[in-house]
1. When only residues in the range 487-512 that are outside any helix (DSSP H, G or I) and free of Cβ contacts under 8 Å to residues at least 12 places away in the same chain count, which is surrounded by the fewest Cβ atoms within 10 Å (Cβ to Cβ)?
2. In the range 72-95, which residues are within 19 Å of Leu124 (Cβ to Cβ) and either aromatic (Phe, Trp, Tyr) or not in a helix (DSSP H, G or I) (or both)?
3. So, in the range 125-163, how many residues would count as being without any contact (Cβ under 8 Å) to a residue 40 or more places away in the chain and either in a loop (DSSP other than H, G, I, E, B) or more than 16 Å from the ligand (Cβ to nearest atom) (or both)?
4. Suppose we filter Leu406, Leu383, Leu453 for residues that are closer than 26 Å to Val515 by Cβ and under 16 Å from the mean Cα position of the chain (by Cα); which single one remains?
5. So Met198 passes all but one of these: (1) away from the ligand (no atom under 13 Å from the Cβ); (2) in a strand (DSSP E or B). Which condition number does it fail?
6. May I ask you to list the residues in the range 409-452 that are out of contact with any Leu (no Cβ under 9 Å at 6 or more places or on another chain), assigned to a helix (DSSP H, G or I) and surrounded by fewer than 24 Cβ atoms within 10 Å (Cβ to Cβ)?
7. Testing Trp417 on (1) farther than 24 Å from Thr6 by Cβ; (2) touching a His at 6+ places or on another chain (Cβ under 9 Å), one condition comes back false. Which one is that?
8. Given the criteria over 21 Å from Glu279 (Cα atoms), among the charged types (D, E, K, R) and either buried (at least 16 other Cβ atoms within 10 Å of the Cβ) or away from the ligand (no atom under 16 Å from the Cβ) (or both), does Asp178 qualify?
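The values are calculated or read from the model by the stated rules, or taken from the named source; none is laboratory data. These numbers were taken from a predicted model, which means no experiment stands behind them. In this analysis, Cβ positions are derived from the backbone assuming ideal geometry, glycine residues included, and neighbour counts consider all displayed protein chains.
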Amino acid sequence: MSLRPTIDFLLHDWLGAEALNQRARFADHSRETFDAVLDTCERIAREKYAPFNRLVDTQEPQFDGEKVILPQATHDAWQAYAESGMLSAAQDYDIGGMQLPYTVEAAANAFFAMASVSIGAGMLTVGNANLLMAHGSAAQQRVFALNEFSGRFSGTMCLSEPQAGSSLSDVATRAVPDGEGFEADPLGPRFRLKGNKMWISAGEHELSENIVHLVLAKIPGPDGRLPPGVKGISLFIVPKKLVDAEGALTGERNDVALAGLNHKCGWRGTTNTLLNFGEGKYPVRGAAGAIGYLVGQPGEGLRCMFHMMNEARIGVGMAATMLGMAGYHASLDYAKNRPQGRPVGPEGKDPNRPQSRIIEHADVKRMLLAQKSYCEGALALELYCARLVDEQHTGAPEAADEARLLLEVLTPIAKSWPSEWCLEANSLAIQVHGGYGYTRDFPVEQYWRDNRLNMIHEGTHGIQAMDLLGRKVLMENGRGLQLLAQRINATIERAIQQPELAAHANALGKALQEVGAATKAAWATGNPAEALANAVPYLQAFGHTVLAWIWLDVALAAHSAPESAARTGRLAAMRFFFHYELPKMGAWLGVVSRRDATCADLPEAAF
Ligand SMILES: Cc1cc2nc3c(=O)[nH]c(=O)nc-3n(C[C@H](O)[C@H](O)[C@H](O)COP(=O)(O)OP(=O)(O)OC[C@H]3O[C@@H](n4cnc5c(N)ncnc54)[C@H](O)[C@@H]3O)c2cc1C
């Protein structure tokens, strides 16, 4: 079974991606150029990623005391990805990019995530370089970002510390000006950094000539103390190896040392590191302290980081989606081939009849259809959000602003919904395999382990939920939520005209009304502790409403297509979502609306 028909249907029959070519930025593109990008990525994913997915799981990164050793396959995958031009796909022609719409870039990257999510760490490098294109100086862009787009350098994001994960205001990495004339360095104001960064993905390896760490740190005030809160956080480029103003390596190793590798449950193809900055393991220019160059203004670090968060979070949501999809395809294939049990007839089972294949059992069909509805629905949501990113960047001013605000509200869902439900899909894929699914002889347990990360990183589930209910639905006087409601209502109005879809349209209207009422009820006392105590059930109900909308909208496109097995499947996945999933939201919204304090009020001793 191939992913491509689903991608093509969503991109073209549903989203009408080709219309982007009418915009000046994408004028050279056509369906043919989009297809060529998808073809190339599909091929590289098939040849350089998929065959090595198990290998990178079993041959974890090793540290020999000096270097981190990765399988040759990881080097080959990095090289093939860099050579494909995907690192710079969205960039301007004059810096070697393709000016590809983000919608198509996201769709093309889906093939890699499905083939082997952890073998490639291109997403971090692109995110790092994009941030520098938005906030770095011209020299920082030329020396660091352009070398990342070409694949010569790779990038990291160093936010977390052992004592500061969800709460970045507690970052304790310290940055002090690096002597006389520190402000005049051609690469940006030069500082010395000291601190420990935990969980840094792709923090050490030999895949690229250099590693560009983007590091959050605080500049002490005149009293020598670090400023409290997030407003005191600044952003620095800390290269593993120092470079000159032209980007050539100077031969000096910066004072960034690998303290250890983390041994993870999954996603093992990517190294994950504890890095010590500035502890003197590699004294540089006669002193301890990692050399770093300030990006933007002091105190603006988190703002710069958050600028890139929408795309990073769509990337995480897409990874979660494609891991779910990989499990769906594997379990579908298994279910078509595994004989077990017999059909139940009016007289019970007849042992003389040949066995059924398990795909013939209603309960196995339920598990497969659940996976299809979670994963294909999530894929549609991610592509919809990617389309909003293109609108934000290339649309007319009013449409661009609408897209910005819709993304604010939808991004926590785009990140978190697939992290929870496509993980559930992976669990169902194991279940479809029975005992075999619980062994390492089949790929589905790895997909589950790989996917378990996505509810944790890029803002945990709980943090995303509080962001949605505590900030996003309230911002700009609730205008984002209103915009979303308008779009949902527009879909409802179209669907209600179709007899086959009218009941679903009504169910969606009711769900939307219930989410609105629960939002008000959660905030009725104006007390954030009460409102946010049940933020995760709110996220779940909100997410299910969004997915029901996406499915109804996709169903409208499917409905007008000619009869085919794919059309039948899409409409059935939509019906599954409305019949088996959407009704769950009543329980979630109940505790939100009542501001249920069962959890919040329980004293520690009672646990
Ligand atoms: C494999 C992997 C890769 C990673 N890659 C990177 C990377 O490249 N760069 C980087 O900077 N970081 C990275 N991270 C770090 C990741 O972003 C953090 O693990 C995450 O932000 C959570 O921080 P923490 O682990 O300290 O957990 P904590 O913040 O201690 O959270 C523990 C639990 O408490 C909950 N919690 C915390 N605070 C609150 C609150 N105020 N209200 C309610 N609940 C709360 C959380 O939701 C969570 O369930 C990575 C992590 C992993 C596991």
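1. At the first step, the residues of the range 487-512 found to be outside any helix (DSSP H, G or I) are 496-498.
Those left that are additionally free of Cβ contacts under 8 Å to residues at least 12 places away in the same chain: 496-497.
Details: Ile496: 16, Gln497: 10.
Among those that are outside any helix (DSSP H, G or I) and free of Cβ contacts under 8 Å to residues at least 12 places away in the same chain, it is Gln497.
2. Across the range 72-95, the qualifying residues are Trp78, Tyr81, Gly85, Ala89, Ala90, Gln91.
3. 4
4. Working: Leu406 fails: under 16 Å from the mean Cα position of the chain (by Cα); Leu453 fails: closer than 26 Å to Val515 by Cβ.
The match here is Leu383.
5. Here Met198 meets the rest and fails (1).
6. Once the filter is applied, which keeps residues that are out of contact with any Leu (no Cβ under 9 Å at 6 or more places or on another chain), assigned to a helix (DSSP H, G or I) and surrounded by fewer than 24 Cβ atoms within 10 Å (Cβ to Cβ), the range 409-452 yields Glu424, Ser427, Ile430, Gln431, Gly434, Gly435, Tyr436, Gly437, Tyr438, Glu445, Arg449.
7. (1)
8. Values: over 21 Å from Glu279 (Cα atoms): no; among the charged types (D, E, K, R): yes; either buried (at least 16 other Cβ atoms within 10 Å of the Cβ) or away from the ligand (no atom under 16 Å from the Cβ) (or both): yes.
Answer is no for this residue.
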